[in-house]
Amino acid sequence: MTPLFYASRITGTGSAFPERRLTNNDLAQTIETNDEWIRERTGICERRISDLTQTSERNSSLGFLASQRALEMAGKTPEDIDAIFYGTCSPDTLVPSTACWLQMKLGAKKAWAVDLNAACSSFVFGLSMADQYIRTGQIKTALVVGSEVLSSIINWQDRSTSILFGDGGGAVVVERTPAESPRRILSSHLKSDGQLWELFYIQAGGSNQPVTPEIAGKNLDKMMMKGKEIFKVAVKSLADYAIEAIEANGLKIQDVDWMIPHQANLRIIEAVARRLDFPMERVLVNIDRYGNTSSATVPTALDEAVRDGRIQPGHTLLFDVFGAGLTYGSLLLRW
Ligand code: ACO
């Protein structure tokens, strides 16, 4: 195998959320639920919901704001970007890709741009792909985005799903660094299991079943979930993939300074921390304020902790995700 001369490193982070807060009490006005149940079962207190009459709150607009902030932190301009990897399962339009909308909005003239959909794992899948392109020398600078307007695919009558999700976007700038650089992405580990598609899916809206007024009336073009089954798979897979990433680098869980798991349910995160014997004080959590924002959970939690100074140079970070598909991924990096 040809030796690799490069590694990659995150040099900028950014995030953006719509303005409107939807609290648990707001939800209790329209469906049979209550604040106590939602907090206890999920850890969620409120989430942000886009006003889609405002062009500034569409998916690519959240991605745009998050990207601008990440570029500013990295000291880069849109012209520096070679490629955009846009993780989303709630795109602006199916065609063109949301990545292309973002490329146009940023004026990232030389960047090629592509959407990728591994549901909630999309950001980590995109970051892993950017890392591979950078390490092989094909590109120098990438923008990796995880951004969602999940409110557009929620069945608001279904209390088992509508309480869980929110809108938001996160982005990182990833740059080439020497292969031996201590501050770099150390490894990534991805997996998919299509056999488990039925745990989380949207029945209509693709070529399997176009949306008709009747289909839309039954909410078959909205997210459906088997919550209890996902819960169990999530805890096991998050724990297993964390260990895989740590062992691949000859490290121990105690060597990780911050774990950033996908934020689907605080109880899932706590169960994983218990299983790994990892202290919750070193797990970054934002689900309380934003709910499950799918591909945006990891980059937004990362951005928050970078900006408030919890994450410091030399820290070891573990990203650990799962999503519909099902998809799983972990990524270890030294900040
Ligand atoms: N408010 C009040 N009561 C409710 C609500 C609600 N919103 N939802 C359900 N209940 C009731 C149920 O009807 C049930 O009542 P019963 O005992 O009288 O039958 C009771 O509460 C318990 O319901 P469960 O479904 O068993 O509740 P559970 O503790 O399993 O929590 C939850 C449900 C929160 C959805 C949990 O299963 C979960 O978080 N699962 C994982 C979800 C997940 O990870 N989703 C992401 C998938 S991948 C991705 O991120 C795209």
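Hey, any hits in the stretch 47-69 for a residue that's on the phi > 0 side of the Ramachandran plot and in contact (Cβ under 8 Å) with a residue 24 or more places away in the chain? No, that holds for no residue. Restricting R41, R47, R9 to those that are among the basic types (K, R) and outside any strand (DSSP E or B) reduces the list to R41. R310 - would you say it is touching a residue at least 40 places away in the same chain (Cβ under 8 Å), over 26 Å from Q68 (Cα atoms) and surrounded by fewer than 16 Cβ atoms within 10 Å (Cβ to Cβ)? It is false that R310 is touching a residue at least 40 places away in the same chain (Cβ under 8 Å), over 26 Å from Q68 (Cα atoms) and surrounded by fewer than 16 Cβ atoms within 10 Å (Cβ to Cβ).
Filtered by the rule that a residue be in contact with a helix residue (DSSP H, G or I) (Cβ under 8 Å, 6 or more places away or on another chain) and of a type in the set (G, A, S), the stretch 294-335 gives S294, S295, A296, G323, A324, G325, G329, S330.
Consider the stretch 146-194 and keep the residues that are within 16 Å of the chain's Cα centre (by Cα) and assigned to a helix (DSSP H, G or I). The one that is nearest to E247 (Cα to Cα) is L150. The single condition from (1) under 24 Å from I38 (Cα atoms); (2) among the hydroxyl-bearing types (S, T, Y); (3) touching a Phe, Trp or Tyr at 6+ places or on another chain (Cβ under 6 Å) that T293 fails is (3). Counting only strands (runs of 3 or more DSSP E) that sit completely within the stretch 253-335, those holding 3 or more residues that are away from the ligand (no atom under 14 Å from the Cβ) and in contact with a Ser or Thr (Cβ under 6 Å, 6 or more places away or on another chain) correspond to 327-334. Within the stretch 240-268, the set of residues being surrounded by 19 or more Cβ atoms within 10 Å (Cβ to Cβ) and without any contact (Cβ under 8 Å) to a residue 40 or more places away in the chain comprises Q263, I268.
Bear in mind that the values in this text are calculations on the coordinates, not laboratory data. Worth saying up front: this structure is predicted, and the values here are computed from it rather than measured. Please note: Cβ atoms are built from the backbone with ideal geometry, for glycine as well, and neighbour counts cover all protein chains shown.
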